[in-house]
Amino acid sequence: MEKVVESQNLGFETGLPQSELDCCFGTRKPYRLVSREYQKESSVIRVRGVEFGPGRFVVMAGPCAVESRDQTLRIARAVKEAGAHVLRGGAYKPRSSPYSFRGLGLEGLKILREASLETGLPLITEAIDLECLPSVCEYADIVQIGARNMQNFALLEAAGKLRKPVMIKRAFSATIDEWLAAAEYIMQGGNEQVLLCERGLRSYDPNTRNLLDISAVPVVEELSHLPVVVDPSHSTGKRTLVAPVSKASLAAGARAILVDVHDRPDEALVDGAQALLPSELKDLVESLRKIASAMEVTLK
Ligand code: PEP
Ligand code: MN
């Protein structure tokens, strides 16, 4: 016998029977806790004095990868000096090729922690699997889940058990509903501190590394109460495009940006072409400050 499925059930694959979907407040969406219907007020996420939410704009910056203690401390001091509020940096790097530099692991986490304590900047860093998640959680203030892991459901469930902010990046081929459903896994575990990061989609045009979906910012603002972050570095892949895209992100209503910075980009082991110099970050923060003030948004 053939299984007949009503066409209205085919909008997305949830695995849930229609009766349970209707429980999602009749929205027919594959998520509930992350939705605006569930919570009208925008969520505000506080991390060591930094706030992600309405009326605020946070600059997270640092090296794509921790290459050495000296490199990380140098760049952390420089981004602090340039006006960044959160330190980014990868100790565990998900790489397309196994021959690329894949990070220093636990040693990298210790270096990042030292840089974070010295500068006073809270730390965001990525957990790439279940194995490294406990150590990442121990050293980081915000746990990042990367684009390649957006639908690693075991990792999402584990992140849901943490009581620490988690930033989930949109996969390069994910719809906004799939991205929000991934965030739902984390919230369903009881972790309410979720940030969503748009980092560009796979496209056919080689002029940019990815195609930034800037409209995702206001779309998610309508659909969800969670703060949206934009990554202008991985979305464009080009240093010269990072500042204009960062300004557009603020203007579109993003609550934060995540920016790669390197003081010697030509020597960077990962993503040098998209890294801003510290002086460029400083100029960018100054321009953002002017736009933010016109929008009655406080930088930080
Ligand atoms: C990163 O932020 O270093 C990174 C690997 O980004 P993405 O997961 O967006 O590719
Ligand atoms: Mn990178």
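Summary table below
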{"quantity": "Longest site-free stretch - the chain; sites: chymotrypsin sites (Phe, Trp or Tyr not before Pro), DSSP loop, at most 16 other Cβ within 10 Å", "calculated": "102-203"}
{"quantity": "Residues of type aspartates and glutamates that K247 reaches as a straight line, Cα spacing below 17 Å, ignoring anything fewer than 8 places off in the same chain", "calculated": "E198, D213, D231, D260, E280, D283, E286, E296"}
{"quantity": "Fraction of beta bridges assigned by DSSP in the chain that are antiparallel (%, nearest 5)", "calculated": "15"}
{"quantity": "Positive-end extreme of charge dipole, the chain - chosen from L130, A294, A251 (charges on Cβ)", "calculated": "A294"}
{"quantity": "GNM top mover of P206, P232, P30 - the chain, alpha-carbon springs below 10 Å", "calculated": "P206"}
{"quantity": "Relative contact order %, the stretch 158-300, counting alpha carbon pairs below 8 Å whose residues are six or more apart", "calculated": "17"}
{"quantity": "Neighbour net charge for A147 - beta-carbon separation under 13 angstrom, K R +1, D E -1", "calculated": "+3"}
{"quantity": "The stretch 167-216 - percent relative contact order, Cα under 8 Å, separation 6 or more", "calculated": "39"}
{"quantity": "Rg/Rh for the stretch 143-201, where both radii come from Cα atoms and Rh is the Kirkwood radius", "calculated": "0.92"}
{"quantity": "Nearest 10 degrees, 0 to 90: helix 278-294 Cα axis against the chain principal axis", "calculated": "50"}
{"quantity": "Relative contact order of the stretch 104-171, defined on C-alpha pairs under 8 angstrom at six or more residues apart (%)", "calculated": "29"}
{"quantity": "Cα-based reach from K110 at 24 Å (exclusive), listing lysines while leaving out same-chain residues under 8 positions away", "calculated": "K80, K93, K161, K164, K169"}
{"quantity": "Alpha carbon convex hull of the stretch 50-106, projected area averaged over orientations, nm²", "calculated": "5.1"}
{"quantity": "Spatially proximal lysines relative to K29 (Cα-Cα < 18 Å; intrachain offsets below 8 disregarded)", "calculated": "K40"}
{"quantity": "Gyration tensor (alpha-carbon) shape descriptor, the stretch 110-209, a/c threshold 1.5", "calculated": "oblate"}
{"quantity": "Spherically averaged projected area in nm², based on the convex hull that wraps the Cα atoms of the chain", "calculated": "16.5"}
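No lab work stands behind these numbers, since they all come straight from the coordinates. None of the values given here were measured: they were computed from a predicted structure. Positions of Cβ are backbone-derived with ideal geometry, glycine not excepted, and every protein chain shown enters the neighbour counts.
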